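So the structure is just underneath, and the comments pick up after that.
The values are calculated or read from the model by the stated rules, or taken from the named source; none is laboratory data. Note that the structure is a prediction, hence the values are computed from the model and not measured. Here the Cβ is made from the backbone with ideal geometry for all residues, glycine too, and neighbour counts use every protein chain on show. Heads up: the accessible areas ignore ligands, DNA and RNA and are worked out on the full protein's heavy atoms, side chains in. Shrake-Rupley method; radii C 1.70, N 1.55, O 1.52, S 1.80 Å.
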Amino acid sequence: MRWAAAIIAGLLSSAAVAEETASKQTVVFYNARLALRDGRPEDVLKLWLLRNSLLQRGERPREDPEFRSVVWAALGSLGLCQDGFKDDEREGAGLWPLGLHNTIVHGLSKGSPPSMPAPWDVFQVGRQQRFISLQDVLSAEELRSVSFFRTDCLQPTVTALRFGWTPFIELEDRQDAGWRLRNLLARSRATLVREKVRNLSVVEARIFDLDLMLADQEARKAQQNARSLAQQARVAGVSAAGAAELRSRLEAFPENSPQAAFLRRSLTWTSREWLALSRERRLYLFARAQPLSKDPAALQKLMLEIIDELIRRKDGKELEAWIGFVGASDSAELRGALTSGERGKSLLELDENTGFRERAVVALHRGVGFLEAGELQESLRAFAYSLQQAETSREAAVTQGLARRWLSYVLSRYETNDEVVATLKALVPRQEYNQVIEDLVWRAALRADDRSFERITRTARRGGSFDAAIERLRPLSQGKPGEMATRLRDAIREEPSSVLRFVRQLLENIEAEDADVRRANVPTLKHLLEVLRPLNAESATVKSQSRTAGELMDRTQSILDGLSHLDDSVSGNARALSPTRSTFAGSIRLAPADPLPWPFKPPEPEAPSVFTPIVLEPVEWRDAKGALVFGWRLTE
């Protein structure tokens, strides 16, 4: 092993009482902290043994209490026994309960320590070997070759006797081990020096986790008792439903039980305290605690605060779980609180790399909100963005379809100008573009809006049946329905099926329009009757085409007959503009009353293991007086 000759200059220069040259013991202590921070706990123990050698030579250490904290952390990290090693309560950081906690956790995961060969077995190969403790002084050669291994340990039992806990328990029993770990964590509340240790919430969280685990152990016993009593009830003649009710009542935590009180108490934590837990722990704990809430407003406030912080952290995966907790699927008010305003805008800024996949759904809800508020431009952008991002959603097909329908609905309320076209080109996916602008093309043609028609069609992707439809609609956009009818008559003998499909689509679009647009297209409808009549009458026509032509003629005549019954009053037109009214947009039925997708489901997290070590990381900072603090940070 190579020993560093000196600590980093910044650390030495910031010491409260600087010396010309740091003592060897000080350098050893500094290097021990660095070794632990770098993940080399064995080097910490070797440095402590070097400290023993220096002490024997008369060099007394000044940092022994702090050094003991480092050793306790290293022993816990390695799962090594601390028998005979003095605790660090006096002038140290008071980490010893956490170090012992980590040693027990290691023992639970690795099982009993392996048996070691007798030291004298190496004599036959010309070597000498001996067991040592951290109290021993080693030669330079021994320091270079020293190694460490797990052994049987009395420290847990000695500690239990010292504090009046049950001393002799089976640590292989998870419930017994849980109680021992909880006792140690509870003891650390008294030993940890607040001025030297940060993130004490980790200790509190682990105690809560253990409480929950122990409560679950008790619940399992309650379930076993419940099943037994239910069986006895059935034997005694109680109905199956009555026995099931008895069982469910016995499985639940009593209202005044410590477990229920603990879960309710957790709902009073601040969002900062919740976020100090690991992801798995807070999700599992909240899933258990949420049903016990008696203050819905406070619970909603807590969830929204956590959601806002997760947005800030760009943790999209967990964010989706917490949105699921909110339970907004049946509440338009809650969905609005999540998707509107700055919170909704921030959700749209989370890309797929953050784990958040539902930007399209958020945009869809925002678009409906904008539409209800009369903000057509914002709703247009929102629906176009939703269509753009729909493929990433877990409900891609539903989201994509609704986004297209809502976008068509909004576009039907718009004058097609350069800004609208630019918005569509920027946000609508290329493969969806023609389908979206098709409604605009039909709308411009039916209004004889030649300028808008040409502006839109110039941006269309060429190729396919859409090109033919554009050419057939161009005369109509120029206010020349007779010319369009002439082209249809010329094409009907060569392409009867294509012409019939076009006429059907034309009628569908006319039906979707308001009364004034329908009336303006009365000449068009009359021309269509003339186009279809020969196909319907000729005996040489294929029966299916003749039948289709007849159906389209009836449909055309129905539109003409029904024009006198349309409500074109001010109130009627106002109802037509209402976003809650079911209407038609283009050739697609648009039903705003259709439920919008909400793919956020409450998670069902599994219980995280409480038998994991707490990470003890050495860190330094300055106190209020500017003195250097050799502190610690607790993490999971």
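Couple of notes before you dig in:
- FRET efficiency, E551 to A298 (Cβ-Cβ, R0 51 Å, nearest 0.05): 0.25
- For the peptides 611-620, 57-66, the ranking by mean Cβ contacts within 10 Å, running from highest to lowest, is 611-620, 57-66.
- Length added when fully stretched, R265-V158, from 0.36 nm per residue minus Cα-Cα: 35.2 nm
- Here r is the Cβ-Cβ distance between T166 and R220 and R0 is 22 Å; the resulting FRET efficiency, rounded to 0.05, is 0.60.
- Area of T103 that stays accessible when all protein chains are in place (1.4 Å probe, Å², to 10): 20 Å²
- Computed on the Cα trace of the range 261-330, the radius of gyration divided by the Kirkwood hydrodynamic radius gives Rg/Rh = 0.92.
- Between the beta carbons of E495 and L529, assuming R0 = 25 Å, the FRET efficiency works out to 0.80 to the nearest 0.05.
- Take the Cα of R462, go 7 Å toward its beta carbon, and the backbone nitrogen atoms of the range 473-489 under 18 Å from that spot belong to 473-474.
- Cβ crowding within 10 Å averaged over residues, with 438-444, 495-501, 166-172 ranked highest first: 438-444, 495-501, 166-172
- Estimated distance in nm for a label pair at R451 and R272, the labels positioned 7 Å out from Cα along Cα-to-Cβ: 5.9 nm
- For the residue pairs K110/K196; K24/K46; K314/K601, the C-alpha atoms sit more than 23 angstrom apart in K110/K196.
- Under 5 Å from the amide H of W621 lie the amide H atoms of V629, G631, each residue being 5 or more positions distant or on a separate chain, with H modelled from the backbone and absent for Pro and chain starts.
- Zone of D38's modelled label, taken as backbone nitrogen in the range 613-636 under 16 Å from a point 7 Å along Cα→Cβ: 618-619
- Take the Cα of A190, step 7 Å toward its Cβ, do the same at R430, and the gap between the two points is 7.2 nm.
- Computed from phi, the 3J(HN,Hα) profile of the range 479-495 under the Karplus parametrisation 6.51, -1.76, 1.60 (θ = phi - 60°) reads x, 10, x, x, 5, 4, 5, 4, 5, 5, 5, 5, 8, 5, 6, 8, 10 Hz, with x in place of Gly and Pro.
- Inter-site label distance for K543 and I559 at 7 Å from Cα along Cβ, in nm: 2.9 nm
- With 0.36 nm allotted per residue and the present C-alpha distance subtracted, the Q56-D623 stretch has 200.7 nm of extension available.
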